[in-house]
1. Among (1) surrounded by 17 or more Cβ atoms within 10 Å (Cβ to Cβ); (2) modelled with pLDDT under 90, there is one condition Y50 misses while meeting the rest; what is its number?
2. For the range 103-118, what are the residues that are exposed (fewer than 13 other Cβ atoms within 10 Å of the Cβ) and assigned to a loop (DSSP other than H, G, I, E, B)?
3. Tell me, please, whether a residue that is surrounded by 13 or more Cβ atoms within 10 Å (Cβ to Cβ), modelled with pLDDT under 90 and assigned by TED's automatic domain parsing to the domain that holds A117 can be found in the range 55-68.
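The values are calculated or read from the model by the stated rules, or taken from the named source; none is laboratory data. Small disclaimer: the values here were computed from a predicted structure and weren't measured. So basically every Cβ, Gly included, is an ideal-geometry build from the backbone, and we count neighbours across all protein chains shown.
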Amino acid sequence: MMGTIVPLAVFVLVFTGIFVAYAIGRRDASAPTQPRATHAVTSADIVIEYRAEGRASPYLQRIRVVEWMQSRHGRLYLYGLRNDGKQRMFRVDRIVSIAIPDGEVLDMQRYLVERLAVPAELCAAQIRAR
């Protein structure tokens, strides 16, 4: 009887240690290192050519930009309202081009800096990452 209790107790202690270590590591990984900073903007409708993950080719999406944010990992995102009213997040490094609805293609960095007040150094790094 004593021969089975000791291995069982060791197993329980090891399993509990692994579980606790996993929980602590998971909590630390999900804890933000800095608060998420969003920046509300007033913007007209734009059309973006967007290269989504898992799609073979870029597609066009008409949106009204609501705000932009930088994630804790340094990525820049635009939040926009689609035509159907649903809010969607777009990674700037996946935007191929930006145009106004009548078809005029805009310089992306200039649009982000001048219209959305994104810091120029942040824009430059995101556009280079494409």
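1. Evaluating Y50 over (1) surrounded by 17 or more Cβ atoms within 10 Å (Cβ to Cβ); (2) modelled with pLDDT under 90 leaves (2) as the failure.
2. Scanning the range 103-118 gives G103, E104, D107, A117.
3. No, because not a single residue in the range 55-68 is surrounded by 13 or more Cβ atoms within 10 Å (Cβ to Cβ), modelled with pLDDT under 90 and assigned by TED's automatic domain parsing to the domain that holds A117.
Matching residues to (1) over 17 Å from Q126 (Cβ atoms); (2) charged (D, E, K, R):
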{"position": "A52", "(1), (2)": "no, no"}
{"position": "R72", "(1), (2)": "no, yes"}
{"position": "G80", "(1), (2)": "no, no"}
{"position": "K86", "(1), (2)": "yes, yes"}
{"position": "S97", "(1), (2)": "no, no"}
{"position": "I100", "(1), (2)": "yes, no"}
{"position": "G103", "(1), (2)": "yes, no"}
